[in-house]
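Inspection log for the structure reproduced underneath, given as structure tokens.
The values are calculated or read from the model by the stated rules, or taken from the named source; none is laboratory data. Source: prediction; values computed, not measured. Note: ideal-geometry Cβ built from the backbone for every residue, glycine included; neighbour counts use all protein chains shown. Ligands, DNA and RNA are excluded from the accessible area calculation, which covers all protein heavy atoms including side chains. Shrake-Rupley method; radii C 1.70, N 1.55, O 1.52, S 1.80 Å.
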Amino acid sequence: MQYPIPLIGCAGLYILSFVILNSLRAQPAGFNYEEAKVPDYELPSVLKLNNGTQVTTSSQWIEVRRSEILHTFEREMYGRRPGKPKSVLHVVESIDKSALGGKAIRKEVTIRLKDIGPGFDLNVLIYLPPDASGEVPAFLGYNFNGNHTIQSDPGITLSKAWMRRGNEGGNVDHRATEAARGQSSSRWPIETIVGRGYGLVTLYYGDVESDHAEGWKDGIRAHIDRDQEGVVLDLEDWSAISAWAWGLSRVLDYLEKDDHVDAFKVSVMGHSRLGKTSLWAGAADQRFAIAISNNSGCGGAALSRRAFGETVARINDRFPHWFCRNFMKYDENEAELPMDQHMLIALMAPRPVYVASAEEDLWADPNGEFLSAKHASAAYGLFGMPGIAVEKQPSLNESVGDTIGYHIRTGKHDVTDYDWNQYIDFADRHLKQ
Ligand code: GTR
């Protein structure tokens, strides 16, 4: 059968404009996407103390250099954070031992932050292997659109929180409806995760702070005014990313008490802005065994000085709430940063860390993510560990590295089964010996 020509024309045009629009959205115009146009830059040294002394031993790292770098990131980029809240209630809301047709145990837990404000709850969803009798290692990561989106399991409580997506993905007027169930399931291969002996722990990042410039008003930043040392913490001394990272630590507090999860073997994982969050969570809280950054890009794994794809000025302009006030000093001024993102990755040392890129995700600067991982390796050397152990970015769909893992896969900015399979293999290597 032949289609009438005008119909092909319209459909063709529609598809073409859809493809162009999508790629424009993924790779905004007016930014650098060419390696040859990366400016010359010099990275601050991971191994040089602020007073210029060279760090040569692991004890210098543990006792001095690590906290110097951590404080620099706190002061200049992500901000400080509060300590552990005093009054917290953990309520196990439900356990279903035959979830997903008997393939997993599902558990829902409320973490009620009582000293923060009435009804301030973190709603945690946990899947465990069906035969889990003792404690299992687990992946912990925020979801973007509510727990109910990670699987079309009708037993998951539908989130009542404000959603970033207004009228798409099953939301109406920024609130979830039944139609939102399972909308993000391609990013959460639960059966694979539990099938390989891991738990999956997730919660909606908007439970801690909604992701927009005024989100702090209903989030924890409106309620806490002291950092962990008891020093005054103004709103812009910290940031949404620090608040979200702090929330992950509160989930880990709960996991320390959960009989089914081994809290010494929790890998904190996140995609994109939540990958920036997982790296900062792992840096700030050394209880996390592994940190995993999936396509985290600018403000995450990618080196800021390369100004490839998204830049410091652009991220601060579009997302002024993600970083603390001081970070704005570096708009179009990356050379003045006293640190760069390789030092964020180095803050995991000697714990394992995994950085993943995607070929089409130029906005996130895949090579800048790789170079960060590579330059962080110096800190691992102090412990006699090889870090990434390769000089050049590997070919597509090849996972490399030792204590620092890395891959660049084909495809776009997303989380895929390929990514998860690498994370599970990496966790097997480091947590299951
Ligand atoms: C983009 C932002 C990136 C990345 C991404 C995401 O708009 O420019 O830094 O974090 O959002 O989180 O999906």
In nanometres, the difference between 0.36 nm per residue of separation and the alpha-carbon distance of GLU398 and GLU42 is 125.3 nm
For segment 228-284, the accessible surface attributable to carbon and sulfur atoms (probe 1.4 angstrom, ligands and nucleic acids excluded) amounts in percent to 44
Carbon/sulfur accessible area of segment 127-226, % of total, 1.4 Å probe, equals 45
Here the membrane-span-like helices of the chain, with no claim about any membrane, defined by DSSP H, Cα axial extent at least 30 Å and mean Kyte-Doolittle at least 1.0, are 5-26
The percentage of the accessible area of segment 304-433 (probe 1.4 Å, all protein chains present) made up of carbon and sulfur atoms, to the nearest whole number, is 49
Taking the dipole of the chain about the Cα centre (Lys, Arg +1; Asp, Glu -1; charges at Cβ), the one of GLY79, GLY299, GLN393 that reaches farthest to the positive side is GLY79
Low-density loop chymotrypsin sites (Phe, Trp or Tyr not before Pro), segment 240-287, at most 15 other Cβ within 10 Å, DSSP non-H/G/I/E/B, are none
Once Lys and Arg are counted +1 and Asp and Glu -1 for all other residues with Cβ under 9 Å from that of LEU43, the total becomes -1
Computed for segment 70-122: size of charge dipole around the Cα centre, +1 on C-beta of each Lys and Arg, -1 on C-beta of each Asp and Glu, debye to nearest 20, value 160
Expressed in angstrom and ordered largest first, the alpha-carbon extents of segment 184-276 along the principal axes are 45, 29, 19
So SER185 and GLU68, fully extended at 0.36 nm per residue minus their Cα-Cα distance, gain in nm 38.1 nm
Output for segment 382-428: chymotrypsin sites (Phe, Trp or Tyr not before Pro) sitting in coil per DSSP, at most 16 other Cβ within 10 Å, listed by number, reads PHE383
Within segment 30-87, DSSP-loop trypsin sites (Lys or Arg not before Pro) with at most 10 other C-beta atoms within 10 Å are LYS86
If R0 = 60 Å, then LYS257 and ASN167, at their Cβ-Cβ distance, give a FRET efficiency to the nearest 0.05 of 0.95
Note to self, the chain gives a 222 nm [θ] from helices alone (DSSP H runs n ≥ 4, -39500 (n - 2.57) apiece, / all residues, nearest 500) of -8000 deg cm²/dmol
With the label point 7 Å along the Cα-to-beta-carbon line of THR57 and a cut-off under 18 Å to each amide N, the hits in segment 342-374 are 350
Among ASN367, HIS148, VAL55, the residue whose Cα sits farthest towards the positive end of the charge dipole of the chain, when +1 is placed on the Cβ of each Lys and Arg and -1 on the Cβ of each Asp and Glu, is HIS148
In whole µm²/s, the translational diffusion coefficient that Stokes-Einstein assigns to the chain, given a Kirkwood hydrodynamic radius over C-alpha pairs, 10 °C and 1.306 mPa s, equals 71
Beyond 17 Å, the calculated P(r) of segment 324-433 holds a percent of Cα-Cα pairs equal to 57
When the charge dipole of the chain is computed with +1 at the Cβ of Lys and Arg and -1 at the Cβ of Asp and Glu, the Cα pointing farthest to the positive end, of VAL38, LEU158, GLY405, is that of LEU158
Restricted to the chain, the DSSP antiparallel beta bridge percent, nearest 5, is 50
Taking 0.36 nm per residue of separation between GLU214 and LYS432 and subtracting their Cα-Cα distance, the length gained on full extension comes to 74.2 nm
Using the Kirkwood radius over Cα pairs of segment 64-131, the Stokes-Einstein translational diffusion coefficient at 25 °C and 0.890 mPa s, in µm²/s and rounded to a whole number, is 163
Spelling it out for GLY405: with amide H atoms placed in the peptide plane at 1.01 Å from N, the residues 5 or more places away or on another chain with amide H under 5 Å from its amide H are VAL353, TYR354, VAL355
With +1 at each Lys and Arg Cβ and -1 at each Asp and Glu Cβ, the charge dipole magnitude of segment 306-433 around its Cα centre, to the nearest 20 debye, comes out at 400
Taking a probe of 1.4 Å and leaving out DNA, RNA and ligands, segment 286-398 shows per residue an accessible area in Å² of 31
With the 1.4 Å probe rolled over protein heavy atoms, segment 62-202 has an accessible area per residue in Å² of 42
Answer in debye to the nearest 20: the dipole magnitude of the chain about its Cα centre, from +1 Lys/Arg and -1 Asp/Glu charges placed on Cβ, is 460
